[in-house]
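Presented below is the structure to which this report refers.
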């Protein structure tokens with residue numbers, strides 16, 4: 001099943017779709033073998049020492065992390081809501097019978113045309129990547145159709161773009177104190193006041209949770 005990709009995504013009081021294409025995402029279909037050093041399934045929280053404006057006060061859910069690099073989705077850069085039907089039409093997918101809106105997020109500065117759905121893990125397909133047993137990621141447009149038909153995941157957000165690091169790059173940034181890590185909390189992924197996600201995540205770090 002092809003993954004989601006926009007050629008152009010324009011944000012202005014929401015998200016307007018200019019045109020869309022489909023592409024294959026370079027993501028594994030299953031999670032990698034457990035690695036005690038992996039940050040997959042944790043939050044990466046920007047500290048005040050992080051001087052990169054692209055990551056100011058960001059909270060990133062780490063999806064993959066191994067010796068070859070790291071991949072995550074920013075969860076606190078909302079860009080409004082958009083009708084599920086319009087998203088499906090932009091992908092050239094069947095939009096018949098669907099209804100409702102989904103929350104759109106800026107997932108990171110890398111490949112902002114690539115679309116991902118972060119969702120609660122009770123929903124799963126062959127192309128779903130289970131991140132930690134509570135939150136999963138799916139790239140196939142059919143997840144949007146299932147959401148619009150009321151048979152999708154209980155909770156979800158749609159993100160365009162991602163944050164990526166090459167080998168040892170993230171480890172170097174962690175050593176320089178520009179990020180801290182805390183355990184993933186589905187409440188912060190889906191339910192929290194988006195304006196408070198960064199402060200709430202830092203509070204988890206300070207309390208050692």
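Details
- Once both labels are positioned 7 Å from their Cα atoms along Cα-to-Cβ, the gap between residue 125 and residue 96 label points is 1.8 nm.
- Rg/Rh for the stretch 45-176 (Cα atoms only, Rh after Kirkwood) is 1.00.
- Spatially, the stretch 139-204 and the stretch 52-116 are offset by 9 Å when compared through their Cα centroids.
- Dimensions (Å) - the stretch 121-186, Cα atoms, principal axes, largest first: 46, 21, 19
- Here the average projected area of the convex hull drawn through the C-alpha atoms of the stretch 56-98 stands at 5.0 nm².
No lab work stands behind these numbers, since they all come straight from the coordinates. Since this is a predicted model, take the numbers as computed values, not measurements. Ideal geometry is used to build each Cβ from the backbone, glycine not excepted, and the neighbour counts take in all protein chains shown.
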